[in-house]
1. Within the stretch 25-82, restricting attention to residues that are more than 18 Å from the chain's Cα centre (by Cα), more than 10 Å from the ligand (Cβ to nearest atom) and assigned to a loop (DSSP other than H, G, I, E, B), which residue is farthest from Pro6 (Cα to Cα)?
2. Find all pairs meeting these conditions: Cβ atoms under 9 angstrom apart; at least six residues apart or on different chains; first residue within the stretch 45-69 and surrounded by fewer than 16 Cβ atoms within 10 Å (Cβ to Cβ); second residue among the polar types (S, T, N, Q).
3. Condition first: more than 13 Å from Val202 (Cβ to Cβ), hydrophobic (A, V, I, L, M, F, W, C) and surrounded by 23 or more Cβ atoms within 10 Å (Cβ to Cβ). Now tell me which residues in the stretch 215-232 satisfy that.
4. Hey, does the stretch 111-128 have a residue that's assigned to a helix (DSSP H, G or I) and at pLDDT 95 or above?
5. For the stretch 218-248, what are the residues that are touching a residue at least 24 places away in the same chain (Cβ under 8 Å) and out of contact with any strand residue (DSSP E or B) (no Cβ under 7 Å at 6 or more places or on another chain)?
6. If only one of Val226, Val244 is among the hydrophobic types (A, V, I, L, M, F, W, C), more than 18 Å from the chain's Cα centre (by Cα) and at pLDDT below 95, which one is it?
Amino acid sequence: DVRHGPILYMEDVTVSFDGFKAINNLNLTIDDGELRCIIGPNGAGKTTMMDIITGKTRPTEGSVWFGSRHNLLQMNEPEIASLGVGRKFQKPTVFEALSVFDNLELAMAANKGIFPTLTARMTGEIQDRIDEVLSIIGLTALRFQPAGILSHGQKQWLEIGMLLMQRPRLLLVDEPVAGMTEQEMERTAELLVSLAGKQSVVVVEHDMGFVRSIARKVTVLHQGSVLAEGSMDQVSSDPKVVEVYLGA
Ligand code: ADP
């Protein structure tokens, strides 16, 4: 459900590393509530694009807006995160010795800059949000288990849950299904599809079957620019895309 225009707007963005353009005149618009998949061969600029959105990398040229009001090029990484931009890297980084529940609580506390002792001083609001997130990520039954015993897929869902604690508006997810079983991939597809609408989700993924199963709209990056954009059927039958990527 599209609300009020784009959540993310990148116009004519270029990033040069010593003269090499990792991002070259990139134009990308993500609508509010959209689930977008970004694909492209190695070196296409996918990671650099995510780094620009979170403020880790500064463009050499161009503009990047979050909603209509926030010029991301005038904000640093913590400021961008506090707008509600959450990033999930490929490898899960949960606290293995802590319970699933405590991982979620800590994610909330870290965001607020407070570190309550893990059992004390929890407000009803945080408790409610933890319950809600546990249900979204399907880990309610495992909430008091140490995160270390979770499967790889469950750890990925927990980390997504840790980002959800902060009620992000835009989630950036890097190769979520790498290393997952078929069943975990199906569950992850359901999870990401269910998150869209409530927040915008941008997924970088190499597994084309997975992309096909979740994406309404796919953006193909190549040499730092958008090569093609549309449904999976549209882009995968585009001769330019076949040539540089799917046919390789
Ligand atoms: P992808 O994630 O699609 O594989 P990247 O964004 O990681 O692509 O990289 C795009 C291009 O930019 C690659 O050719 C890479 O070698 C180059 N690159 C990325 N980061 C740097 C950097 N810090 N310095 C120099 N070159 C870089």
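The values are calculated or read from the model by the stated rules, or taken from the named source; none is laboratory data. Please read all numbers here as calculations on a predicted model, not as lab measurements. Cβ placement follows ideal geometry from the backbone for every residue including glycine, while neighbour counts extend to all protein chains displayed.
1. Step one: of the stretch 25-82, the residues more than 18 Å from the chain's Cα centre (by Cα) are 25-27, 41-43, 58-63, 68-71, 73-76.
Checking which are more than 10 Å from the ligand (Cβ to nearest atom) leaves us with 25-27, 58-63, 68-71, 73-76.
Those left that are additionally assigned to a loop (DSSP other than H, G, I, E, B): 58-60, 68-69, 75-76.
Details: Arg58: 21, Pro59: 20, Thr60: 23, Ser68: 8, Arg69: 11, Met75: 19, Asn76: 21 Å.
Looking at the filtered set, the residue picked out is Thr60.
2. Thr60/Thr14; Thr60/Ser16; Glu61/Thr14; Glu61/Ser16; Glu61/Asn25; Ser63/Asn71
3. Once the filter is applied, which keeps residues that are more than 13 Å from Val202 (Cβ to Cβ), hydrophobic (A, V, I, L, M, F, W, C) and surrounded by 23 or more Cβ atoms within 10 Å (Cβ to Cβ), the stretch 215-232 yields only Val220.
4. Pass one, the stretch 111-128, residues assigned to a helix (DSSP H, G or I): 111-112, 124-128.
Then keep just the ones that are at pLDDT 95 or above; that gives none.
No, there is no match, as no residue in the stretch 111-128 is assigned to a helix (DSSP H, G or I) and at pLDDT 95 or above.
5. Passing the criteria: His222, Ser236, Leu246, Ala248.
6. On the way: Val226 fails: at pLDDT below 95.
Answer to the selection: Val244.
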